[in-house]
Amino acid sequence: QEQLLQQQQQNDANDNLKNNNHPKDTRMQLPKQYYAKGNYFKLENQKSPFTRLIYPLPDPKGGLGVHATMDLSGSTRFGPDVQWLPPDFDGSEDENIDWNVDAERSKLFYDAIREYWPGLEDGNLVPDYSGVRPKLWNPDLRNSCSKSDNNDDGDDEGVSN
């Protein structure tokens, strides 16, 4: 009896295909991606008080906030910040990205880190490395979150977070 049921299900599936009762395009629709460069600074000339990862509250402009990590050698790094790339950036390797960490961004890092470590002394953060991450939204762009319909009239009806 189980074999008959399986045969009937297979027949039903075949009939549906023959009758063209399936979606024309079964490929998954991927959401648009936005990209952000994340910069990191390394702690030098001061002992870190941390023995574990430190994650502050997430940044409302994107990212998890400037957090503290320790590597296997005992060095402490802080980052990433969120530096949004142009909305038309598509993540291809051909595009020009300045991978250098701008030392001027250290002011933002000092402010963020001192929220959870007021003892950080001036001059002890040095630029370290950067990377690029894909994001599903960009807070600088209106309506960049996923839409649940094709409503493009400018209002937020149909927007899902």
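Data overview
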| read-out | value |
| --- | --- |
| Sparse-neighbourhood loop sites, trypsin sites (Lys or Arg not before Pro) in segment 47-121 - DSSP loop, at most 13 other Cβ within 10 angstrom | 47, 52, 61, 114 |
| Where labels lie 7 Å past Cα in the beta-carbon direction, separation of residue 51 and residue 88 in nm | 5.3 nm |
| Dipole magnitude (debye, nearest 20) for segment 45-142, charges at Cβ of Lys, Arg, Asp, Glu | 580 debye |
| Total charge dipole magnitude, segment 79-127, about the Cα centre, Cβ charges on Lys, Arg, Asp, Glu only, Debye to nearest 20 | 380 debye |
| Area of residue 99 that stays accessible when all protein chains are in place (1.4 Å probe, Å², to 10) | 130 Å² |
| Over 22 Å between alpha carbons, listed pairs 42/135; 32/107; 61/107; 47/135 | 42/135; 32/107; 47/135 |
| Nearest-0.05 FRET efficiency for residue 69 and residue 98, computed from C-beta distance (R0 25 Å) | 0.60 |
| Solvent-accessible surface (1.4 angstrom probe) belonging to residue 90, in square angstrom, nearest 10 | 90 Å² |
| Accessible heavy-atom area order of 32, 135, highest first, probe of 1.4 Å | 32, 135 |
| Over segment 21-91, equivalent-ellipsoid semi-axes from the Cα gyration tensor in Å | 38, 15, 11 |
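The values are calculated or read from the model by the stated rules, or taken from the named source; none is laboratory data. These numbers come from a predicted model, not from an experiment. Please note: Cβ atoms are built from the backbone with ideal geometry, for glycine as well, and neighbour counts cover all protein chains shown. We work out accessible area using only protein heavy atoms, side chains counted, and drop any ligands, DNA or RNA first. Shrake-Rupley method; radii C 1.70, N 1.55, O 1.52, S 1.80 Å.
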